[in-house]
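Here is the structure we will look at.
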Amino acid sequence: MSTERRPGPARLVALSLALALAGTAAQAAGWPPNGPAIATHGLPAQGIAACSSCHGPAFQGGPAGLAPALAGRDAAAMMDRLDTIASTPGGNQAMRHTAQALSMAERAAVSLYLARLPPATQRPAASPAQPR
């Protein structure tokens, strides 16, 4: 049985409140984490790529469906997914590195930002070949 804690709704609300209540002095010191900046530009000094580099500039999904759309998804679900990626061996190593390198507050800031974006539009399905 795993003792791993997943970010449930109560934890997400607590992190959201902490992010919202942080003062200007804390902001000058880099707190709270800037979700839009991390998602769009990454944290180059920490070797963290921008979410947009794989998930698309509007977070609508990567080319050929290789990276899922993030825009408009549930913030708690995204935090859960980041937690799982960070703690599970294998899979996409770049994504695992990113999930492990982000603090819980950074994960919350990015997840909350992405959840507020308009959801991805459905991509048109490939057309079946027309009979001749």
Open item on the list: Against the definition (surrounded by fewer than 18 Cβ atoms within 10 Å (Cβ to Cβ) and basic (Lys, Arg)), how does Arg107 come out, yes or no?
Closed with: no
Task: Scope the stretch 101-124; condition in a loop (DSSP other than H, G, I, E, B), closer than 21 Å to Leu66 by Cβ and not polar (S, T, N, Q); matching residues - done: Leu102, Leu117, Pro119, Ala120, Arg123, Pro124
TODO: Search the stretch 17-42 for residues being of a type in the set (A, V, I, L, M, F, W, C) and modelled with pLDDT of 95 or more, and hand back the single one that is nearest to the chain's Cα centre (by Cα).
DONE: Ala39
Task: Selection from the stretch 43-70 of residues that are within 11 Å of the chain's Cα centre (by Cα) and on the phi > 0 side of the Ramachandran plot - done: Phe59
Task: Unique residue being surrounded by 13 or more Cβ atoms within 10 Å (Cβ to Cβ), over 10 Å from the mean Cα position of the chain (by Cα) and modelled with pLDDT of 95 or more when the list is Leu112, Leu117 - done: Leu117
- [ ] For the stretch 71-93, state whether one or more residues are at negative phi, at pLDDT 85 or above and touching a Gly at 6+ places or on another chain (Cβ under 8 Å).
- [x] yes
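The values are calculated or read from the model by the stated rules, or taken from the named source; none is laboratory data. The shown structure was predicted, so the numbers you read here are calculated from the model rather than taken from an experiment. No Cβ is skipped: glycine too gets one built from the backbone with ideal geometry, and neighbour counts run over all protein chains shown.
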